[in-house]
Structures are given as C-alpha cells and as structure tokens.
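*Asks:* Encoded as structure tokens, here's the structure I'll be asking about.
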Amino acid sequence: MLQVRHVPDDLHAALRARAAESGLSLSEYVLRELQSVVARPSRAEVLARAARRGGRLSFGEAVDALAAGRPDAG
C-alpha cells in the first residue's frame, strides 16, 4: 500500500481529471503512471551503462555538439 500525503489541491485535481479522461479511477491512473516511471531506467542506470560502453566524447563535448546542431533559440 502506498499513501501520499500533502498533495496540493491543484495537482490532485489535475490527476483526477487525467484519470477521468483515461477512463480510470485515480488509483488505477496513478498506479499506471508509477509503473511507467519504474519501467524507464534511472539517471544513474543510464550513466552507468554509458560509462561501461566507453563513450568517445566527454560530457562537455557532447553538450557542445548538441548545442551546435540546434538553431538559435532567440
């Protein structure tokens, strides 16, 4: 059993609305969302996998490469 306390009213309302749109109870909807979160690897798992593979670029080089390929934001 999981109980979440101190959920802000606006968040609770948004979750209830999304559950209703999906045709699910709030509990079913939140359980489905939690399953989705757990199905994805954590940030630590992704970084560990990348370290095992031995990347060719440092983190900074990768950020620079991504930035160079994107159009200016403004």
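*Asks:* Could you go through the range 8-24 and let me know if any residue there is basic (Lys, Arg) and in a loop (DSSP other than H, G, I, E, B).
*Replies:* No.
*Asks:* Continuing with the same structure: Return the total of residues in the range 16-71 being farther than 30 Å from VAL4 by Cα, of a type in the set (A, V, I, L, M, F, W, C), loosely packed, with under 11 Cβ neighbours inside 10 Å and under 20 Å from the mean Cα position of the chain (by Cα).
*Replies:* Counting residues in the range 16-71 that are farther than 30 Å from VAL4 by Cα, of a type in the set (A, V, I, L, M, F, W, C), loosely packed, with under 11 Cβ neighbours inside 10 Å and under 20 Å from the mean Cα position of the chain (by Cα) gives 0.
*Asks:* Out of curiosity, is ALA44 of a type in the set (Gly, Ala, Ser), touching an Asp or Glu at 6+ places or on another chain (Cβ under 8 Å) and assigned to a helix (DSSP H, G or I)?
*Replies:* no
Where a number appears in this text, it was derived from the coordinates with a stated rule and is not lab data. These figures come from a predicted structure and were not determined experimentally. So basically every Cβ, Gly included, is an ideal-geometry build from the backbone, and we count neighbours across all protein chains shown.
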